[in-house]
Structure formats: C-alpha cells, structure tokens
1. So which residues in region 40-55 are touching a helix residue (DSSP H, G or I) at 6+ places or on another chain (Cβ under 8 Å) and either of a type in the set (K, R) or modelled with pLDDT under 90 (or both)?
2. Inside region 14-33, can you point out the residues that are surrounded by 15 or more Cβ atoms within 10 Å (Cβ to Cβ), free of Cβ contacts under 8 Å to residues at least 60 places away in the same chain and out of contact with any strand residue (DSSP E or B) (no Cβ under 6 Å at 6 or more places or on another chain)?
3. Just checking, how many residues over region 60-83 are out of contact with any strand residue (DSSP E or B) (no Cβ under 9 Å at 6 or more places or on another chain) and surrounded by 18 or more Cβ atoms within 10 Å (Cβ to Cβ)?
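The values are calculated or read from the model by the stated rules, or taken from the named source; none is laboratory data. Fair warning: this is a prediction, and the values are worked out from it, not measured in the lab. As a convention, Cβ positions derive from the backbone with ideal geometry for all residues, glycine included, and neighbour counts pool all protein chains shown.
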Amino acid sequence: MGHVLIIDNDQLLRIVLADELNKVGISSKQAENGLQGLESARQEQPAVIILDEHMPEMNGQEFIEALQKEPWFKEVRIIVFTTLHDTDLMNHKMLAGVTDYLDKGTTAPEGLIKIVQKYMQPTA
C-alpha cells in the first residue's frame, strides 16, 4: 500500500499525525525539514507526502521544485498542510502538482487523515 512521509519542523505535530495515521493502519516516516524530506522521499518513494510550507533548510516550494525532477513525481500525492494563507501561493502549488492545500488553523489532524486515507486507496 505504501506509506506517508510527514515533513514538518513541528515535532509535536509530526508525532500527532504519525499516531493518527497508525490508528488507521497507515505507516509513516518523518522528516523535520525539506532537505531531510527530499532525501527520504528519494529513498522511500512514499505514496503521500504531508508537507509544511515554512521550514528550515529547504521550504515547501523548494522541496516541490526538487521533487518535480524525480521520474516518479506524478505518482505521489502531495498535501501542503500549512498556516500560510496565500491564495496565489496555493494556486501556484496546485498547478505545480500539489494534490491538496490545507490550512492547519482550520483542518484538524483527523480531517487531514481522512484525506490521506482517500489517496491511499488502491485505484482500479
């Protein structure tokens, strides 16, 4: 089935999301910044990536630009989960291959997990 890669510099949020994913039977890996996330994504090729926009080392935009060079990029679902409220940025990300753009302030972890579950379902 694959796994989820959680890339966020907020350790507590990563732990909460990993725990929620585990409760529904989805395995996950974690990275604390975009650079670590990119290395992990290249090695593991996750089915879904939960990505924060504002991080040290490499931000979400830089991460996506680097990941677009990977041959399997179109196979992965990317969910940007951030506190940034920028409509232009959101539209740009959607055009760049981001599957969903969610606001941390209005989307509970449980809501995010439901979206991840939808993307983890096998397609016929």
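1. E53, H54, M55
2. Result: E32, N33.
3. 0
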